[in-house]
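Colleague: Mind looking over this structure? Questions follow.
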Amino acid sequence: MIVLALVAAIVTSPSPTGNEAGGGDLLAEAETAYRAGLDASADAAKARPHFLRGAELYEALWEQGGRTPAVARNMAQCRYLAGDLGQCIRDYRRGLKSYPRDGDLRLGLAFARDQVAYPLTGDVVDAARPVDSPSQFDRLRIPLRRLAWVAIGLSGLGWFVLARAWFTARGGLAIFGGVFVFAALAIGGALWWEDSRQRARWTEPAAVVLGPGTDVRTGNSDEYPKRLEGRLPPGVELKILGERGGWLHVELARGGAGWVPKGRVAEVN
């Protein structure tokens, strides 16, 4: 029953839209700037200031507690349209840190990752390109929320059948009820495990490279040799292991650790 209670929490967890974020004036200003950028999108030079302004306003709203999938998504899209791929990926990850099951945020992050300009040759791609390990639920293409409702429905049906079997003293009916309850517990346990895995994945301390030509070094100084021959392009994601002297000790997506200047990355917060 504990597992099914957690499944119920998945079903009933809020997924507010941007209009529920609070700070209505700030949200309205951000949306106005976003629309102005889209209206001027034929001229990138004219559109960029609007998108930058929209991103700043969405970020201010996010920092004030207006944390919704829509705010994170629009903030990331403004960054991308303004030409800031690193901040765009950082913002998608910020959204997934709070809403790890949001499909739109995951699709947006996947698109942004495809835009990272990795070198055609060298060791950077092998070390730094992110690797996702999709679960069976991703392959099913069924939202966790819908599966959670299935588990709750099976549980309710199972207990109803068991209660009826008790009152009618029908052993065969009790077997069917037990099967339904067992199936509900199996689905619920799998959902609980997947939800925990997703939350742990996106809450790890992380940073995203902002500037082009960022070197990974073996120590926290430019005097140390480079860990990789190539340089990291904007948008590369790093796991933070520690910090010392203005440098971050990071782990690359495919293994291997090194140091990067803190000012060259944006931390996911």
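Readers should treat all values here as calculations from the given coordinates under stated rules, not as data from a laboratory. This one's a predicted model, so the numbers in the text were calculated from it and none came from an experiment. Cβ atoms come from the backbone with ideal geometry, glycine included; neighbour counts cover every protein chain shown.
Colleague: State, as an integer percentage, the relative contact order of the chain based on alpha-carbon contacts under 8 Å between residues 6 or more apart. Numbers along the way, then the final one.
Modeller: On the way: 457 pairs, mean separation 50.5, N = 269.
Reported as a whole number, the value is 19 percent.
Colleague: Any idea what % of Cα-Cα pairs in region 142-256 are farther than 23 Å?
Modeller: 56
Colleague: Also, I was wondering about something else. Pairing the Cα long axis of helix 144-168 with the longest principal axis of the chain, what angle in degrees results, from 0 to 90 and rounded to the nearest 10?
Modeller: The two axes meet at around 10 degrees.
Colleague: Let me ask you something else. Between the alpha-carbon centers of region 213-243 and region 45-100, tell me the distance in whole angstrom.
Modeller: Going from one Cα centre to the other spans 25 Å.
Colleague: For GLY230, what charge total do you get from the other residues with a beta carbon under 14 Å from its beta carbon, if Lys and Arg give +1 and Asp and Glu give -1?
Modeller: Taking every other residue near GLY230 into account, the sum is +2.
Colleague: Give me the mean projected area, in nm² to one decimal, of the convex hull enclosing the Cα positions of the chain.
Modeller: 18.1
Colleague: Taking a cut-off of 19 Å between Cα atoms, list the lysines near LYS262, but don't count ones fewer than 8 places away on the same chain.
Modeller: Answer for LYS262, where 19 Å is the Cα cut-off: LYS226, LYS239, listed by chain and number.
Colleague: List the residues whose amide H sits under 5 Å from the amide H of ASP123, counting only those 5 or more places along or on another chain, with H placed 1.01 Å from N in the peptide plane.
Modeller: GLU229, GLY230
Colleague: Hey, any idea what Rg/Rh is for region 15-114, computing Rh the Kirkwood way over Cα pairs?
Modeller: Radius of gyration relative to Kirkwood radius: 0.95.
Colleague: Given bins 5 angstrom wide, list per bin the percent of all Cα-Cα distances in region 137-202, short to long.
Modeller: 4, 19, 21, 19, 13, 10, 8, 5, 2, 1
Colleague: Follow-up. Rounded to the nearest 500 deg cm²/dmol, what is the calculated helix-only ellipticity per residue at 222 nm for the chain, with -39500 (n - 2.57) per DSSP H run of length n ≥ 4?
Modeller: The helix contribution divided over the chain gives -18500 deg cm²/dmol.
Colleague: Most exposed first by the Cβ proxy, i.e. fewest other Cβ within 10 Å, how do HIS50, HIS249 rank?
Modeller: HIS249, HIS50
Colleague: Follow-up. Where does the charge balance sit around TRP192 when Lys and Arg score +1, Asp and Glu -1, over other residues with C-beta under 13 Å from its C-beta? Kindly include the intermediate steps, with their values, before the conclusion.
Modeller: Numbers: positive: ARG101, ARG197, ARG199; negative: GLU194, ASP195.
Every neighbour counted, the sum reads +1.
Colleague: To continue, here is another question. Give me a comma-separated list of calculated 3J(HN,Hα) values for region 218-234, in order, Karplus coefficients 6.51, -1.76, 1.60 applied at θ = phi - 60°, integers in Hz, x for any Gly or Pro.
Modeller: With coefficients 6.51, -1.76 and 1.60, one gets 7, x, 8, 6, 5, 6, 6, x, 6, 6, 10, 5, x, 9, 7, x, x Hz.
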